[in-house]
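Heads up, the thing below is written out as structure tokens.
The values are calculated or read from the model by the stated rules, or taken from the named source; none is laboratory data. The model shown is predicted, which means the values in this text are computed figures rather than measured ones. Glycine gets a Cβ as well: all are built from the backbone with ideal geometry, and neighbour counts include every protein chain shown.
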Amino acid sequence: MQRATKKSFKMNNENDVIDTLAELESFLIDVESGGFGLKGVAGVGMATNNKDGSRFVAVFDDNQKLLLARMITEDVFQTGQDMVRNGVGRKH
């Protein structure tokens, strides 16, 4: 296991993979509401790790610096793109 450095981004435990749309929605709501304590959040996107092909959802700042990432399953990657693109917001 690699040790995190100051230059590395925050990736949750690899065993803590988002594998349902409900979990993705919860993650996005936490990001939108400041639940992770991140400063300067400018956007969220989905991406593929060039090294191993794994999928993840990422939170970026205004300078496109990666602030936080969570691994996601291929199914969530394919079916959750609109949710990430459009946001979820809180439903009352």
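For this structure, a couple of remarks:
- Between Phe9, Phe27, Phe36, the distinction of being modelled with pLDDT of 95 or more and aromatic (Phe, Trp, Tyr) belongs to Phe27 only.
- Among residues of the range 39-72 being farther than 23 Å from Asp19 by Cβ and of a type in the set (Lys, Arg), the one that is modelled with the lowest pLDDT is Lys39.
- Scope the range 18-75; condition part of a strand (DSSP E or B) and surrounded by fewer than 17 Cβ atoms within 10 Å (Cβ to Cβ); matching residues: Val41, Ala42, Gly43, Gly45, Ala47, Thr48, Asp61, Leu66
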